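The block underneath contains the structure these notes are about, expressed in structure tokens.
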Amino acid sequence: MRSSEFTEVLEEVLGSAYGRSVAADLYLRELSATANEALERGEKPQLVWSALVRELDLDPRLEWLHRADVRDRGARRR
């Protein structure tokens, strides 16, 4: 996952404003940081996205949303 894909799926699943808020404010226990802090310190976007999916108790299939066919993505939203 690239950084741009992280942003795309974050906004697709959570919405633009809420997604940005979650990335900035939600403390991810397994990373000991918010998503933004983890990315800034060099964590891989896929690791951060997976931690968010687990922390928010989202459908585990969303971990790989960035690899799904664009036509199938709408059916996998939260």
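The values are calculated or read from the model by the stated rules, or taken from the named source; none is laboratory data. Please read all numbers here as calculations on a predicted model, not as lab measurements. When we count neighbours, we look across all protein chains shown, and the Cβ atoms used for this are built from the backbone with ideal geometry, even at glycine.
Worth pointing out:
- Filter pass, Glu8 being out of contact with any Pro (no Cβ under 8 Å at 6 or more places or on another chain), surrounded by 12 or more Cβ atoms within 10 Å (Cβ to Cβ) and modelled with pLDDT under 95: yes
- Of all residues making up segment 54-66, the number that are crowded, with 20+ Cβ neighbours inside 10 Å and within 17 Å of Ala24 (Cα to Cα): 0
- Subset of segment 27-41 [surrounded by 15 or more Cβ atoms within 10 Å (Cβ to Cβ) and closer than 14 Å to Arg54 by Cα]: Leu28, Leu31, Thr34, Ala35
- Output for segment 9-43, where each listed residue is farther than 18 Å from Pro60 by Cβ and among the small types (Gly, Ala, Ser): Gly15, Ser16, Ala17, Gly19, Ser21, Ala23, Ala24, Ser32, Ala33, Ala38, Gly42
- Subset of segment 26-78 (residues that are within 20 Å of Gly15 (Cβ to Cβ), modelled with pLDDT of 95 or more and among the acidic types (Asp, Glu)): Glu55, Asp57
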